[in-house]
Amino acid sequence: MDRECVSLLPSVCAVLADSGKSLPDDTSLEKLLDWFTGLTKADSPNEGGSLLETCPCLLEFISTVVKDTASEPGVLSFTLKLTGLIAATEDGFKTLKGCSVLDRVFNLGHWQEAGLWEDPCLRIGWILGLKNSLQHPKALSFFVQSDFMEPLLQLQTDTSLFVASAANQMLAHILLFFQPASPKGCNGTQQDGDYISDFELPAFTEYATVVRVISVYLKESLVPKEITRLHQSQQILKLLALLLSRAGPPLRGKLLGTVADPLENLVTAGCSRLTLPLMDVILAAHSSSSDERVPDQRVACLLSSMLNINKPSDLIHAAAAFLHRGRHRDTVHTARVVTILLLPLHIITGQTLLDTNATDELQCLMVEQLKSKTSCISLICICLTNTPQITLMPSDVLPCPPHIILTAVLSMLRSCNGVSSNSSTGCSEVGRNVIGSSKVQKCALEALTALSGSPGGKEKSSEVFSVLLQYLDNPDSDPTVLHKSYQALVKWMSVCIDLCFITDQLRQEFVEVVKKRVCDMRWEVRDSTVEFVGHLAGVRVFPRSDEEACNACEALLGGCCSTPLLREALQDTESYVRASAISALAKTLAHSWQQGAACTKEETEIVSQLLEILSQDTEGFPRRAVVQYFTAWFSSRSSHSPPLLATPLLMQCVCSVLSQGSVDLDWEVKVHTLDLAELLMDQALSGQRGYMKDSVPLHPYGAMVSDQAHTLHTHTDTHTEGGGGSDLAEALNNLVKQGAVSAMLSCLFDCDRPVGLKACRLLMTLRETLCPDVAVVEVAVVSCELPGWGWGQEMRKILGVKTRDGAKEVDIEGKGGLNGGEGEGGACVGVTVGLCEVLRSLGLEERLDVLIQSSDHVHNSPLSLLQDILTASAAHAQPEGQRGEEVIVDCY
């Protein structure tokens, strides 16, 4: 612990113990407790008493607060939690027990007599304090001997949900933390009488007592005596699910033996509000008891009962819960679940998914439920959500081939669009409920997307495309439905082996609908359409089995409309659409870049548009996309041999992008610009001795910067010796000419932390490559010119300071030195500097140490927290007329 913190802590404790003093904010006590918790966890197990040894004032603080019941409830609750935290170690527990502090702090009668127990803040403090302490057998013995079980069980049904939940979690902690290890050879089927003998803990008597008391409580309280007590049953079921999923065989066997009868009663009662909690408990027991063993028969019976209840809505929810658990080895129940989940689809679409003779009774009940529009939409959405997983089931549990299920989903999509399908007698009323329902449409489209990989799905491609075209052309489709239709179309394009079903007429229809949607009044639709074109361009397909691969955009839209359409979208009024159009253009042109083709006139015009966006667009999204466009272009061209023989246009653009992007007002634009600079550096220096590509993790952080644009100029000596040094000098010269070094130096001084962090790491990589301990003469001659403003001024200050401190003076010719001054009228002009000297002078390690720490390092430190508490207390202690400005605290 920091010495200054130790010195301030007694004063802080005095402030907290003084009931008349105010705190800086409502969360300061939580932050203080977090700090103490971190200190406790940092201690080794055999140094448990170190917190009290380091901060003996805490013991006096606890004693004072417990005696003075006038303290605020928040301070009292904090004190209870802190006491439990200290008692979590055996040394701390012994110290607190020896001076009777532990008994006073958790004495329930003390708080009730003071009238404080009614405050839920205190009750939570009491629960969490005890829970904090229960980390060793002595604390368990104290808990049991103090008769705390009864009040803890009463708190399970507390009026405060937070208190009830905390009490619930504490019961689980006691049972799970102190449960004994399973004895060797135990198969989880031991009788209740064998249970106690399995324990080998010193506190086995106390633990056995706790288990018995809790078991009786669960048995008596699980079934509510009145409908208003359902919340209690929900809490207990939540606790049981947690326990059964984590308990070892002895405890699990005991719990199952205790609650089996009440669980059967709950299943029989058929309360809808308890369906999902009940399934959680039953599936937790089913999963844990059948692990490589014979499942417990009572649990299997409970599961069968849940999957045969007479309420269709509850039945659907129970079946979905089973499917999500993935218990597919249980083929009997899995087959039943599949039947239940497919039944709504079977009824509405009229597709023969099930054997109707086996489901007559359930089908009648389901039809009545589906006649209610609200229930119909809810049930069919659950059904559709689970169909992709159902189609992947083994054939012995599927009632029909997977492609029939896909046909039913397509039929459902048509029904939602108002297209009639062959429905069974009496179900037309049900079918009307889904017409125009965007919720069902979205679920069905998601299912259709996932079903693209299902067995037999590819044979349905023509029908899929026809249905999706209907959705895209439907004027009533909302933006989200259109977006999901596009997603489904791209997915199905990517899995089709042969696209011979795409006729010229179908292709023309898709072209027309895309042209219509890109001009939609709703920007979300225009954005989805532009994104769709880009995604299509990124998918390689085979139009026919005997033809070469092309991108899906050419196969579906003919390729002739995509680029003009995207260029038009560059002028869209919505910035999201402009950004999506730029990204889509990059994907559309990617294949051409990778082939190394020369730039066409159209591509040259696109470049001009993009550079104009980078310099003039008022929104950040399009400018970010522009930088990423050129990064992708450079990356694809430079990956070919010979390296860096990219088009002159590209290299000219790279210089412009680096110059503008490094001084952009948007921090993400600057980070993307550094990505481009890193690519240039990686290609220029790859293979050089000492070069290791650096990958930089970044975190969101925003600010503004307004430095002017700048350029760097190279001054090199043509007389170099040694081929290796000459190559390195030439590579460095290229980096300087292109503006990569300029961008890094500019961003190093940026006020946005992620920008400075990435620039610092890139410059460190560059320094380690170019400026080893032994100076390389050939590299030392490389120099550059700093601008007379912004970061250039910062650099001159750094170099000037080093010169005044007696660092090596440099020559005026620019060979590793500094030359420059003031122009006419005292205006700053550029100065020539040796790049290695600059890199050595920046103190990059120190900068990195600062940059990798967030601002919280200064403002949210424990020291800052303690100072805030004292400052706020001192301010509020002043007479009201003498108080100055409100104290601004920086608590985290």
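The values are calculated or read from the model by the stated rules, or taken from the named source; none is laboratory data. Quantities reported herein were computed from a predicted structural model and do not represent experimental measurements. Note that each Cβ is placed from the backbone with ideal geometry, even for glycine, and that neighbours are counted across all protein chains shown. Note: accessible area is taken over every heavy atom of the protein model, side chains too, but ligands, DNA and RNA are not part of it. Shrake-Rupley method; radii C 1.70, N 1.55, O 1.52, S 1.80 Å.
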On a straight-distance basis, which lysines could pair with LYS238 in a cross-link, Cα separation under 20 angstrom, same-chain partners fewer than 8 positions away excluded? LYS131, LYS219, LYS225, LYS254
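Can you flag which of LYS31/LYS67; LYS491/LYS587; LYS41/LYS81; LYS31/LYS138 are past 18 Å Cα-Cα?
As for pairs spanning more than 18 Å Cα to Cα, those are LYS31/LYS67; LYS31/LYS138.
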With charges only on Cβ, +1 for K and R and -1 for D and E, what is the dipole size of the stretch 520-593 about its Cα centre, in debye, rounded to 20? 120 debye
Which of the lysines could be linked to LYS516 by a straight reach, that is with a Cα gap under 21 Å, when you skip same-chain ones fewer than 8 residues away? LYS484
Determine the dipole magnitude for the stretch 534-687: charges of +1 sit on the beta-carbon of Lys and Arg, -1 on that of Asp and Glu, nothing else is charged, the reference point is the Cα centre, and the result goes in debye to the nearest 20. 220 debye
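Cβ under 11 Å from LEU102's Cβ, LEU102 left aside: what net charge do those residues give with Lys, Arg +1 and Asp, Glu -1? Before the final figure, lay out each step's value.
On the way: positive: LYS94, LYS97, ARG104, LYS138; negative: ASP103.
That sum, taken over residues with Cβ under 11 Å, equals +3.
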Given 29-40, 244-255, 167-178, the highest-first ranking by average Cβ count within 10 Å works out to 244-255, 167-178, 29-40
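Excluding ligands, DNA and RNA, what is the solvent-accessible area per residue of the stretch 369-411 at a probe of 1.4 Å, expressed in Å²? It would help to have the intermediate numbers written out before the result.
Working: 1490 Å² over 43 residues.
Accessible surface, normalised per residue, equals 35 Å².
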Show me 124-135, 445-456 ranked by packing, highest mean number of other Cβ atoms within 10 Å first. 124-135, 445-456
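Ignoring ligands, DNA and RNA, what percent of the accessible area of the stretch 253-402 is carbon or sulfur (1.4 Å)?
Details: 3090 of 6020 Å².
The nonpolar share, carbon plus sulfur, comes to 51 percent.
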For the stretch 293-388, divide the Cα radius of gyration by the Kirkwood radius and give the resulting Rg/Rh value with two decimals. 0.97
Using the Cα atoms of the stretch 239-361 to build a convex hull, what is its mean projected area in square nanometres? 7.8 nm²
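Got a number for carbon plus sulfur as a percent of the stretch 43-185's accessible area, 1.4 Å probe? List each step's numbers first, then the result.
On the way: 3110 of 6010 Å².
Summing carbon and sulfur atoms, their accessible area is 52 percent of the total for the stretch 43-185.
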Carbon plus sulfur, as percent of the 1.4 Å-probe accessible area of the stretch 443-486, comes to 49 percent
Might you report the magnitude of the Cβ-based charge dipole of the stretch 85-173 about its Cα centre, with Lys and Arg at +1 and Asp and Glu at -1, to the nearest 20 debye? 280 debye
If you roll a 1.4 Å probe over the heavy atoms of the protein chains, what accessible area per residue do you get for the stretch 100-188, in Å²? 43 Å²
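Quick one: net charge around ALA450, please, counting Lys, Arg +1 and Asp, Glu -1 for every other residue with C-beta under 12 Å from its C-beta. Kindly include the intermediate steps, with their values, before the conclusion.
Working: positive: LYS484, LYS491; negative: GLU446.
Taking every other residue near ALA450 into account, the sum is +1.
Translational diffusion coefficient of the stretch 22-161 at 10 °C, 1.306 mPa s, Stokes-Einstein with Kirkwood Rh over Cα pairs, in µm²/s as a whole number.
Details: Rh = 15.3 Å.
Approximately 104 µm²/s, per Stokes-Einstein.
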Heavy-atom SASA rank of VAL332, VAL216 (probe 1.4 Å, accessible area, largest first): VAL332, VAL216
In straight Cα distance, which lysines are under 18 Å from LYS758, not counting same-chain residues fewer than 8 positions off? LYS670, LYS693
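So, for the stretch 503-603, what is the accessible surface per residue at a probe of 1.4 Å, expressed in square angstrom? Walk me through the numbers on the way to the answer.
Working: 4770 Å² over 101 residues.
For the stretch 503-603, the solvent-accessible area averages 47 Å² per residue.
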What is the sum of charges around VAL464, taking Lys and Arg as +1, Asp and Glu as -1, for the other residues whose C-beta is under 13 Å from the C-beta of VAL464? +2
